[in-house]
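> My questions will all concern the structure given below.
The values are calculated or read from the model by the stated rules, or taken from the named source; none is laboratory data. These numbers come from a predicted model, not from an experiment. For neighbour counting, all protein chains shown are included, and Cβ atoms are generated from backbone atoms with ideal geometry for every residue, glycine included.
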Amino acid sequence: MKKITIRLMMLAVIFIGIATIADAQIIVRVRPTHTTVVRTTAPSPRHVWVTEDWAPQGSTYVYRGGYWIAPPAGRSAWVDGHWAHRRRGWIWVPGHWK
């Protein structure tokens, strides 16, 4: 019985550790704001302007400014990133190709 209890405790520790790593998100209490970025000329007609993008840095996010990005092969629509409210604060959901 003692061996089963020890094994169950070890499994619980492993599962809790995996769950903590898998849910690693930066949560901020106050949603960051950004400054206005001037849009430059597109490098090509295929490029799409990304208006807002935030990169995780330490325990917060850093604004990366607007930029042009070319679609990968087979992709044509850019879905903008956005701030999503969670129970403990805000997280940044990055943009992606659809």
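> Which ones in segment 66-94 are closer than 21 Å to THR41 by Cα and either surrounded by 13 or more Cβ atoms within 10 Å (Cβ to Cβ) or hydroxyl-bearing (Ser, Thr, Tyr) (or both)?
Keep residues of segment 66-94 that are closer than 21 Å to THR41 by Cα, which gives 66-72, 76-80.
Hits for segment 66-94 are GLY66, TYR67, TRP68, ILE69, PRO71, SER76, TRP78, ASP80.
> Using beta carbons and a limit of 6 Å, which pairs, at least six apart or on different chains, have the first residue in segment 65-86 and under 18 Å from VAL30 (Cβ atoms) and the second one of a type in the set (Lys, Arg) and surrounded by 11 or more Cβ atoms within 10 Å (Cβ to Cβ)?
From residues that are under 18 Å from VAL30 (Cβ atoms), the pairs are TRP83/ARG31.
> Can you name the residue in segment 84-96 that is in a strand (DSSP E or B) and closer than 12 Å to ALA55 by Cα and is also farthest from the chain's Cα centre (by Cα) among such residues? Talk me through it step by step, then tell me what you get.
Step one: of segment 84-96, the residues in a strand (DSSP E or B) are 84-86, 89-93, 96.
Those left that are additionally closer than 12 Å to ALA55 by Cα: 91-93.
On the way: ILE91: 7, TRP92: 5, VAL93: 4 Å.
That would be ILE91.
> Another question, if that's okay. Criterion first (on the phi < 0 side of the Ramachandran plot, at pLDDT 90 or above and in contact with a Lys or Arg (Cβ under 8 Å, 6 or more places away or on another chain)) does TRP68 satisfy it? Step through it out loud before you land on a result.
On the way: on the phi < 0 side of the Ramachandran plot: yes; at pLDDT 90 or above: yes; in contact with a Lys or Arg (Cβ under 8 Å, 6 or more places away or on another chain): no.
Answer is no for this residue.
> Turning to a different aspect of this structure: Tally up the residues in segment 17-28 that are more than 16 Å from the chain's Cα centre (by Cα) and either surrounded by 10 or more Cβ atoms within 10 Å (Cβ to Cβ) or at pLDDT 60 or above (or both), please. First the steps, then the outcome.
Initial filter on segment 17-28 (more than 16 Å from the chain's Cα centre (by Cα)): 17-20.
If we keep only those that are either surrounded by 10 or more Cβ atoms within 10 Å (Cβ to Cβ) or at pLDDT 60 or above (or both) too, we end up with 17-18.
Residues in segment 17-28 being more than 16 Å from the chain's Cα centre (by Cα) and either surrounded by 10 or more Cβ atoms within 10 Å (Cβ to Cβ) or at pLDDT 60 or above (or both): 2 in total.
> THR41: modelled with pLDDT of 75 or more and surrounded by fewer than 10 Cβ atoms within 10 Å (Cβ to Cβ), yes or no?
Values: modelled with pLDDT of 75 or more: yes; surrounded by fewer than 10 Cβ atoms within 10 Å (Cβ to Cβ): yes.
When the stated conditions are applied, THR41 passes them.
> Test ARG31 against the criterion of being basic (Lys, Arg) and at pLDDT 70 or above, and give yes or no. Outline the logic, then answer.
Details: basic (Lys, Arg): yes; at pLDDT 70 or above: yes.
Here the answer is yes, as ARG31 does meet what is asked.
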